[in-house]
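Report on the structure given below.
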Amino acid sequence: MDRWDRRQFMQLAGLGGVVFASGLAGCAATTTRGAQADDDFYFVQLSDTHWGFEGPPNPDAKGTLHKAVASVNALAQRPDFIVFTGDLTHTTDDPAERRRRMTEFRSIVAALQVKPVYFMPGEHDASLDRGAAFQEFFGRTHYSFDHKGVHFIALDNVSDPGAVIGDAQLAWLADDLAKLARDQRIVVFTHRPLFDLAPQWDWATRDGSRAIELLMAHPNVTVFYGHIHQEHHVMTGHIAHHAAKSLIFPLPAPGSQPKRTPLARDPAQPYRGLGFREVEAEAKPPGWQIAELPVVKS
C-alpha cells in the first residue's frame, strides 16, 4: 500500500478496536528504502511472550507466539525491522530449562520473514543469572544502532536483580549520547519503565531517573517499553513513554488492585488484551504513529 492508503487503513482499523495514536511527541526518520529523504518507515514491537508459561490466564500459551509470528508475516507491508522488548521466556530456577525455553523461542521466531530482528531481555530472561543465558542465545543486553536517520538505543534494566541500569551502563549511555547532535532523533527501548509507574509492583527502574536526565538534553526522544502487559502512555517532560501489550496475558491497570495478578480470561474473547504494535515514523510533521494490533483478528 502507498503511504496514504496505509494511514487510512490504520485509522479505520482503530474504529474496530485497534488503538491508533497520532501526533505523538518524539521523532521521525529521514530516509527509507531506495526513496527520497523525508519518506516514512515503520517497525514492529512485540513484548512479553513468556515462552514456557502455562496456566489458566492463557490456555493457548503454546500457540499464541506461533499466531503472533503468522500475524506479523501476514502484514500487507513489511516492516523495516522487528524488536522484542523483553521477557522472551518465562522465568525458571533451572538453568537447563531456561536454555531449553530460549532454544524453543529462538526456533519459533526464526520463522519471521522480516530481518533484522532485535532482542532485549526481560527480568524473566535475565535476573536470575545476570543475563548469562540470554547473551549465549541473543547477544548483548544493551546496544545502539542507526536506522534511516533515527538513533535507536536498547537499555538493559533487568539483568541486575536490583532493577537498576547500573553505573557502567549509564556511563555507556552518556558516551553514546555525547556522539549525537543535540537534535538527533532518538528512540529508546527498555523492558521496565524508566519512571516510577508502580514501584510496589516492580513497575519502575530504581536509577531510571538518571537515564531520563541524560536523555532530557535531546528534544526528540521517545521510549518504547514492555513489562506491564498493557498499552500505556505517559510523558516525562518532553519525552513520551509508550508501553506495549503482552503476547501471553494482560495485567491490571497500574495500582488498580492490591496484587499484580493477570486479568481473568474471557472465553468469548480469549485474545482480548493481547497484541503487538506497528510504529510508523513520519517525517512531516515529525512524530510517531502507533497502531495496536491483535494477535488474532476477531
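Couple of notes before you dig in:
- Centroid-to-centroid, using Cα positions, the stretch 239-277 and the stretch 210-235 are 19 Å apart.
- Lys, Arg +1 and Asp, Glu -1 on Cβ, resulting dipole of the stretch 145-225 about Cα centre, debye, nearest 20: 280 debye
- D146 - accessible surface, heavy atoms, 1.4 Å probe, Å² rounded to 10: 110 Å²
- Debye equation applied to the C-alpha atoms of the stretch 61-162, log10 I(q)/I(0) at 0.18, 0.20, 0.22, 0.24 Å⁻¹: -0.91, -1.07, -1.21, -1.33
- When +1 charges are put on Lys and Arg Cβ atoms and -1 charges on Asp and Glu Cβ atoms, the dipole computed for the stretch 154-298 relative to its Cα centre reaches about 440 debye.
- Partner aspartates and glutamates whose Cα lies under 16 Å from the Cα of K148, excluding those fewer than 8 positions away in the same chain, are identified as D38, D39, D40, D80, D183, E280, E282.
- Cα-Cα P(r), the stretch 61-120, percent of pairs per 5 Å interval: 4, 16, 26, 26, 15, 8, 4, 1, 0
- Given a 1.4 Å probe and the protein chains as shown, H66 ends up with an accessible area of around 90 Å².
- For the stretch 129-244, diffusion coefficient by Stokes-Einstein and Kirkwood Rh (Cα), 20 °C, 1.002 mPa s, µm²/s: 148 µm²/s
- Among the listed pairs K179/K245; K115/K259; K62/K297, those beyond 30 Å (Cα-Cα): K179/K245; K115/K259
- Measuring nothing but how far apart in sequence close Cα pairs (under 8 Å, 6+ apart) lie, relative to its length, the stretch 146-259 scores a relative contact order of 23 percent.
- Over all other residues within a Cβ to Cβ distance under 14 Å of A253, the charged ones net out to +2, with Lys and Arg as +1 and Asp and Glu as -1.
The values are calculated or read from the model by the stated rules, or taken from the named source; none is laboratory data. Fair warning: this is a prediction, and the values are worked out from it, not measured in the lab. Positions of Cβ are generated from backbone atoms using ideal geometry, with glycine treated the same way; all protein chains shown enter the neighbour counts. The area values use the complete protein model at the heavy-atom level, side chains included, leaving out ligands, DNA and RNA. Shrake-Rupley method; radii C 1.70, N 1.55, O 1.52, S 1.80 Å.
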